[in-house]
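Structure incoming, see below.
The numbers here are math on the coordinates, done by the rules we state, and not lab data. The structure presented is a predicted model; accordingly, all values stated were derived computationally and were not measured. Here the Cβ is made from the backbone with ideal geometry for all residues, glycine too, and neighbour counts use every protein chain on show.
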Amino acid sequence: MKKSILLLIAAALFISAAGFGQSSSKLISTKTQIKFFSTTPAEDIEAHNTASVSAIDKSSGEVVFSVPMQGFEFEKSLMQKHFNSDKFLDTKAFPDAKLKAKITNLESIDFGTDGSYPATVKGELTIKEKTNSISESGTVTVKGNTVKVGSKFDVTLADYGILFKKGKPASNIAKTVEVTVQAEYQ
């Protein structure tokens, strides 16, 4: 009986150690901020999302972001209502946007040494169940036990099935939005 308990404890410790070794190469961020900005003759539109999460695997360079679309907050409640509506992003039917990518220049980033490193990411961005290939650049900053990632890029709405051909929305909503990403990993 005692031998069985000791074997179970040893097995549990082994499994825990193996799991810890695998996860030590993964960085998780719950401090991820996504901002988008667009400008039109009618007005500027800006929204912020702090409910996003992401992960980076330091050994493989795999990067994943999950963005809850209803997490975007606008200055004006009417903008938020339009954004979430079925005529725009339909966030009830398509609650999340996702990025699955890989850092292509992983060998030039030293996660163990403080510094700022340029990074290139290639992968797939999915919005409203439409997936497109992307290739974007950003910066990985290492300071102590903290890794920060930042990037700014444009997203063309029509590429994700968000189209306005006539009426007021066609002139009040930009065809392309600027997306800024800031994430802090520990």
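Using a cut-off of 9 Å between beta-carbons, work out the net charge of the residues near Ser25 (Lys and Arg +1, Asp and Glu -1, Ser25 not included). Don't skip to the answer; put the middle values down first.
Details: positive: Lys26, Lys58; negative: Asp57.
Surrounding charge for Ser25 is +1.
What is the sum of charges, Lys and Arg at +1 and Asp and Glu at -1, for the other residues whose Cβ falls under 15 Å from the Cβ of Thr113?
So the environment of Thr113 carries a net charge of 0.
May I ask you to evaluate 6.51 cos²θ - 1.76 cosθ + 1.60, the Karplus curve with θ = phi - 60°, for each residue of region 87-100 and list the ³J(HN,Hα) values in order in whole Hz, giving x for glycine and proline?
Taking θ as phi minus 60°, the curve returns 7, 10, 9, 6, 5, 6, 7, 10, x, 10, 9, 9, 10, 10 Hz for region 87-100.
Give the average over all directions of the projected area of the C-alpha convex hull of region 44-143, one decimal, in nm². Can you show the working numbers first?
Details: hull surface 30.2 nm².
Here the figure is 7.5 nm², rounded to one decimal.
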